Amino acid sequence: MNSLDYRNQIETDVLAAMGRPGLKYLAAMGFCALLVLGLLACWGYQIFTGLGVAGITHPVGWGVYITNFVFWVGIAHSGTLISAVLYLFRQPFRSSFNRAAEAMTVVSLLVAGLFPLIHLGRVWNFYYLFPYPNQRLLWVNFKSPLIWDVFAVSTYLTVSCIFFYVGLLPDLAIVRRRATGFTQKVFNILSLGWQGTLRQWKHYNKLYLFLAAFATPLVASVHSIVSWDFAVSIVPGWHTTIFAPYFVAGAIFSGIGMVLTLMIPLRKALKLEQYITLDHFDSICKILLFTSLIIGFTYAFEFALAFYSGHKSEISQYLYRATGHYWPFYAIMVFCNGIFPLVLFKKSLRRNLKFLFVLSIFVNIGMWFERFVIIVASLAKEYQPYSWGTYTPSWVEMGITAGSFGLFFLVYLAFIKALPVLSMTELKEPHQ
Amino acid sequence: MERRSFLQILGMFSSATVLSSCGSEKDQKKLISYLVPPEDGVIPGEATWSFSSCQECAGECGLLVRTREGYPVKLEGLPGHPVNDGRLCMRGQAALSRLYQNERIQTPLKKTASGFEPVPWDEALNQIRQALQQEGQHLYLSGHTSGSLRSLIDRFCQRFKADYLPQFELLNQASVREANALLFRQRALPGVHLKEADLLLTLGADVLDSHTNPVDWGRQLVEAHEEPGFHWTHIESQASLTGVNADQRLTLKPGSESHLLTFLLNLVVEKGGKRPLPDDFLKVLPDLSVEEAATATGLSSGDLTRLGQRFLAAKRPALVVGGTATTREEGLQTALLAGLIQWCCGMIGTTIDFGLSMATRWGDQRDLTRLQTDLETGKAGVVFLSRTGLASGLPSTHPALTALPKAKLRVGLGLTLDATLEQCDLILPIHHGLENWGDTEPRQGSYGLLKPALEPQFASRAEGDILLDLMQSPKSWQEFLFEQWEARFSQAELKRFSEQGYIEKPVKQGAYLERKAAKALQPLAPVPEELQMLLVPSVRGGDGRSYEMPLQQEIPDPLTTISWGQWLSVSPELAAEKGWQDRDMVLVKLDGWETTLPIKTQPGLPKETLCVQLGLLDSLPPITANAAGEPVLAYAVQSLTRAKGEGPLPILSGSPSQDGRGIIPDPVHHDDHHKHYSIYEEHDRPNYNWGMVIDLEKCVGCSACVAACYVENTVPIVGPEDHRDGREMSWLRIEPYYDDHGKVEFLPMMCQQCLKAPCEPVCPVYAAYNSKEGLNIQVYSRCVGTRYCANNCPYKVRRFNWFDHVPEGNLQRMKNPDLAERTKGMMEKCTFCIQRIRQAKDTAKDEERLVQDGEVIPACAQTCPSGAITFGNLLDKESKVYKLTKSKRAYKVHDLLGTDSSVTYLKPGKH
């Protein structure tokens, strides 16, 4: 097969996914849409009745909502890691994942961005959080990590979107070339007049490299800032300097878990086995393994720090985490994140997709509970013993959480049908 | 039409509309209506103050009523008043909610086949007049009544040949009154001069909960403790708020009180007291050795010996019995022995003073028999039941209640349609004390004034007016009162009475021992061996009637931190033995009564005792009377078994122990003061830095401050479900911390107004910021509700509005109009009563000066009966609060965190 045929083949294979939707696909979309409707209903009910319909209470003022926020922001991270960091490091295996991972970044950031709004007591005043000129000379408090969050997440979303779109450009032009009718008109606009001339390619490559370099520090900074939401406070269990690296490692770990969860079924359903090979999974699992080791180390190190501090509240907080009201969740998080992924040291397991899929689900669950344990257990047992208390999520919080997964998969499924899931231009590169 | 004439007509109509809407619907009175307009006229936005007296219990504290735009919004103690001197207990603070409760009866009601129906006053009164003309023994039973109303009822009863039964109070202290009648010919509850005593021994008397007047006692105990060498021992068979505050607390087996007193009396007689015990008594006085007394009471012989030595060594001891010591079968015996000890030790006339007796005309359970006989024989004509609380104080099977339908006509007078009034044929709504003229006599020679603070809200009438109308007297109640006062007081006294709202005319009264009383002394009854359940009064509910006010359940019980609902207190030993946890449901079986209750372990409770607070049970066990007619509220428990499930009991405290965190440091604890560095600039505070000092030695945990805070700051009452979810809204709370020995210390916790507040930097929108006066300000309207401030507050004093809390109906009148509105989704917390600071600053500004020390007093500090809270400007080196922060006992909670809080605590352990 000559290279032209091969390139043609790539286009045909990848764009096959953009064909007419099947029944299964529509059913999945419908199910996700129902979940999203549930989210909207629950949120509306909460806005009209008051935040009391959620289970959050005194002293646990943050619960599942903030857990979800950190979880989804975390998921977003591996997208940037795979597309930007691995690009800078010239890792060719990234080309089979990067488009899907970048889409995952954008979608999960959209979902994550909802939660700071959902958890507000007075969401109708959310614009108070932005520094906008007003007659009352009111300004936001730049000392507050929540304001840092507003900027960190919105910057991240903007950069991710641009990076995603720029990466798409040559592929959009391919779609335009192969499509007809209305689709062609749409992609004509979307591809911004991409002709694939040498001059365009020259500028394109520079821009792409620049954006990759721009996005790379965001991988570290955004989740560091999210971690400072906690670390800057004085809450025992939150107030610790290891939070930034700990959260970044956790974010990459959970993001790669989600990449696996998405890519394994996707590869099968779209018949992309030829392009996403076992070698690719093997490589990505090594990153998973590496971050798992960091996380496992942090779990142990947190205890050491607590005891080293000698502070009564700090020590009792960590003992409470492991043995108190929320111990099952703590056990789940340690097992799923720190222990179970260590089996990936065995090469055959890194290449066993069925096993990897199961493992990735465990990682997702483990990372969700990690955030839950950090947020809830810390607040449940703070300094003042009179005000110790526990928290149980209500059905509204459950509904909104389920709805957030619905929203994520709904938009992601739409992406699969609307845009090329693999970077065709990059796949072609070795054959140029 | 021309433009000009259009505008003219428009202007005319709109002003007419505005004017016409300025009147209330009924007879076009002004919207802001005053019965007694202030001399300068009504100024919207400015409060007026008037006198009244608290009607919540027989203590009858003097009140200052703060009225805004014609409606009372806050009650405070009347400064200088002989019983409370400016302070109020939590029930007094909450009493305003009785005025506005939505359950108030609005018109006279008549019982018909289809329920109660409104009738006009004339019709109701005519029906009563006709019934009074008919044959039969008319009866008048009222709850506690003092002052001129009592004289009027007497006249009314004379006129219609009715029998004015002695007043019904459940906790009638009949044993002590009967013993005093037998021994000293004074059927009275004497007062105590604590300042003159060097030893106070209280046996069962819950002086800080409900015995006589908790405000008076709290105040006197602090004054007494200022004298070096004063010591207070409390002995009880339960675990009361009173007990945990005594210098020494001893527990004995329930039913062994008379044994303990016999032992003490023997000691006094042996040593030879100030007055000898007449032979008549010596003959019948049982002999009791230390060992026998120890076996009977469960106290160690060491404790007993030390107690005896301390008692004998005291120069001016005072002994007070009551409470669970006398609400027993052998209560009279206990009271008689106590009276004899008081006599022999020379307390009568020195520390115990009959001249200060409570001026009650209470009856006892035997008087109910009188009522019952009249009813059962069919003799009873018209029965008046006025403010009795008969049906809530007695089990529904009590013969006095079951025989009620035999009366020809039952007339009920009261504020709400309670269980007692529901038994009546005619119901007459009466004024609340704040709507009414009146007077009180809290104790002999002390008179308090009741002056209306607002116009009656409903078609209610004064009880006095109803009686005068029935007597067809031309006088009104007000005229009758004025006549009474003119007869009672001189012109000068009358002037003082009207100007200061109270007057004191001390009465001197001696006492002599009556030898014949020896016949009443019985041999000692054996101490019951089985488990006993005690029904006890409480600081929140009193005899139970104050629980009708929701605030009294919203504020948690200080010892258990349980807010809503009923529970059974069990000792930790018993719970451990049975393997029960807090909230486990248990089945209690008494003779002829059983119920299931959730349990709460109460450290310090004797193993032989179970306790239930009065007023919380769904159904009362049968109540019998002892020889003196005092209700027996101690029951032998036939069986106590685990029932299914857990009770939905809101226990607000997350931990009974302070977990070794030094929140209340022990007396030897030395706090390391750390210098904290901050990257932020110091705040500039030119004139004021408001601060507070709380003396934990003085704090008794009575929760009066909590109630005052609720009313002053319109803190919402959220109810049991929210409490179970941990969503109580209290800005100020009492945190009890128990040590391993069951000893408890109380810590009032409110916003510490930190100068380096952890809540401030985390707020994204500057809703929380530090003011130029060192206050931690919360701007409600700016708050978006991230709740980060609450998460980051180490004291956990911030409260989030999980829902909109709008008071129902008339209760909206209780809102303090000086405060900003709070709605759902906002954070709120203690403000140091910023509205009061603002007001003082306004006044000071008008006078071109700074606010002086003592000008601003937050609601909590204002009402604290023991004066534990001091507030002021820390920049003023002469201020009381600044000097107290320099005390050796001063410390701050969680100082290690560098919050630099403005609230300083003085650790307990002065004596």
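The values are calculated or read from the model by the stated rules, or taken from the named source; none is laboratory data. Just so we're clear, the structure is a prediction, and the values are computed from it rather than from any experiment. Note that we place each Cβ from the backbone using ideal geometry, even for glycine, and neighbour counts take in every protein chain shown.
Odds and ends about this structure:
- Residues that are assigned to a loop (DSSP other than H, G, I, E, B) and touching a Gly at 6+ places or on another chain (Cβ under 8 Å) within the range B:628-648 comprise B:628, B:629, B:630, B:647, B:648, listed in sequence order.
- Conditions (1) under 30 Å from residue A:217 (Cβ atoms); (2) within 14 Å of another protein chain (Cβ to nearest Cβ); (3) among the aliphatic types (A, V, I, L, M): number failed by residue A:101: (2)
- Identity of the residue in the range B:757-777, buried (at least 24 other Cβ atoms within 10 Å of the Cβ) and not in a loop (DSSP other than H, G, I, E, B), that ends up farthest from the other protein chains (Cβ to nearest Cβ): B:776
- Considering only residues in the range B:175-208 that are over 18 Å from residue B:225 (Cβ atoms), of a type in the set (A, V, I, L, M) and within 21 Å of the chain's Cα centre (by Cα), the one that is modelled with the lowest pLDDT turns out to be B:189.
Yes/no matrix, rows are residues, columns are (1) under 24 Å from residue A:282 (Cβ atoms); (2) within 14 Å of chain B (Cβ to nearest Cβ); (3) more than 14 Å from the chain's Cα centre (by Cα):
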| site | (1), (2), (3) |
| --- | --- |
| A:55 | no, yes, yes |
| A:62 | no, yes, yes |
| A:68 | no, no, no |
| A:73 | no, no, no |
| A:78 | yes, no, no |
| A:82 | yes, no, no |
| A:89 | yes, no, yes |
| A:93 | yes, no, yes |
| A:97 | yes, no, yes |
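- Within the range B:877-897, the set of residues being more than 18 Å from residue B:833 (Cβ to Cβ), assigned to a loop (DSSP other than H, G, I, E, B) and away from chain A (no Cβ under 14 Å) comprises B:877, B:878, B:886, B:887, B:888, B:889.
- Whichever residue in the range B:778-822 is assigned to a loop (DSSP other than H, G, I, E, B) and among the aromatic types (Phe, Trp, Tyr) and, among such residues, is farthest from the other protein chains (Cβ to nearest Cβ): B:795
- The range B:503-556 - residue that is more than 27 Å from the chain's Cα centre (by Cα) and of a type in the set (S, T, N, Q) and, of those, modelled with the lowest pLDDT: B:509
Residues checked against (1) surrounded by 17 or more Cβ atoms within 10 Å (Cβ to Cβ); (2) closer than 29 Å to residue A:269 by Cβ; (3) in contact with a strand residue (DSSP E or B) (Cβ under 7 Å, 6 or more places away or on another chain):
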{"site": "A:321", "(1), (2), (3)": "yes, no, no"}
{"site": "A:330", "(1), (2), (3)": "yes, no, no"}
{"site": "A:336", "(1), (2), (3)": "yes, yes, no"}
{"site": "A:343", "(1), (2), (3)": "no, yes, no"}
{"site": "A:360", "(1), (2), (3)": "yes, yes, no"}
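- Considering the range A:156-273, the qualifying helices (runs of 4 or more DSSP H), each wholly inside and each with 3 or more residues that are over 27 Å from the mean Cα position of the chain (by Cα), run over A:181-190, A:198-231.
- Criterion violated by residue B:842 - all others in (1) surrounded by fewer than 19 Cβ atoms within 10 Å (Cβ to Cβ); (2) assigned to a loop (DSSP other than H, G, I, E, B) satisfied: (2)
- Residue, nearest to the chain's Cα centre (by Cα), within the range B:71-107, restricted to residues that are part of a loop (DSSP other than H, G, I, E, B) and crowded, with 24+ Cβ neighbours inside 10 Å: B:89
- Failed criterion for residue B:754 (all others in (1) more than 10 Å from chain A (Cβ to nearest Cβ); (2) modelled with pLDDT of 95 or more hold): (2)
- Filter result for residue B:560 (closer than 20 Å to residue B:616 by Cβ, touching a Leu at 6+ places or on another chain (Cβ under 8 Å) and of a type in the set (Val, Ile, Thr)): no
- Which numbered condition residue A:153 misses (of (1) surrounded by 15 or more Cβ atoms within 10 Å (Cβ to Cβ); (2) away from every other protein chain (no Cβ under 14 Å)): (2)
- Checked against the criterion of being touching an Asp or Glu at 6+ places or on another chain (Cβ under 7 Å) and either under 24 Å from residue B:854 (Cβ atoms) or of a type in the set (A, V, I, L, M) (or both), the candidates B:777, B:717 yield just one match: B:717.
- Among helices (runs of 4 or more DSSP H) entirely within the range A:287-395, having at least 3 residues that are more than 11 Å from chain B (Cβ to nearest Cβ) and within 19 Å of residue B:661 (Cβ to Cβ) singles out A:312-323.
- Note on the range B:469-522: residues that are touching a Pro at 6+ places or on another chain (Cβ under 6 Å) and in a loop (DSSP other than H, G, I, E, B) total 0.
- Any hit, the range B:212-224, residues being over 19 Å from the mean Cα position of the chain (by Cα), modelled with pLDDT under 90, surrounded by fewer than 24 Cβ atoms within 10 Å (Cβ to Cβ) and not aliphatic (A, V, I, L, M): no
- Residues of the range A:1-54 classified as under 16 Å from residue A:271 (Cβ atoms), of a type in the set (Lys, Arg) and part of a helix (DSSP H, G or I), total: 1
- Against the list (1) within 14 Å of chain B (Cβ to nearest Cβ); (2) loosely packed, with under 15 Cβ neighbours inside 10 Å; (3) under 30 Å from residue A:415 (Cβ atoms), the condition residue A:118 fails is (2).
- Any hit, the range A:377-385, residues being under 20 Å from residue A:238 (Cα atoms) and within 22 Å of the chain's Cα centre (by Cα): no
- Some residue of the range B:631-644 being crowded, with 18+ Cβ neighbours inside 10 Å and within 14 Å of chain A (Cβ to nearest Cβ): no
- Qualifying positions in the range B:268-288 - in a loop (DSSP other than H, G, I, E, B) and in contact (Cβ under 8 Å) with a residue 12 or more places away in the chain: B:273, B:274, B:275, B:276, B:277, B:278, B:285, B:286, B:287, B:288
- Of the candidates A:253, A:243, the single residue that is in contact (Cβ under 8 Å) with a residue 60 or more places away in the chain, crowded, with 23+ Cβ neighbours inside 10 Å and of a type outside the set (Asp, Glu) is A:253.
- In the range A:21-53, the residues that are without any contact (Cβ under 8 Å) to a residue 60 or more places away in the chain, away from chain B (no Cβ under 14 Å) and either in contact with a Gly (Cβ under 7 Å, 6 or more places away or on another chain) or not hydrophobic (A, V, I, L, M, F, W, C) (or both): A:22, A:24, A:30, A:44
- Qualifying position, being free of Cβ contacts under 8 Å to residues at least 40 places away in the same chain and either assigned to a loop (DSSP other than H, G, I, E, B) or within 14 Å of chain A (Cβ to nearest Cβ) (or both), among B:735, B:721: B:721
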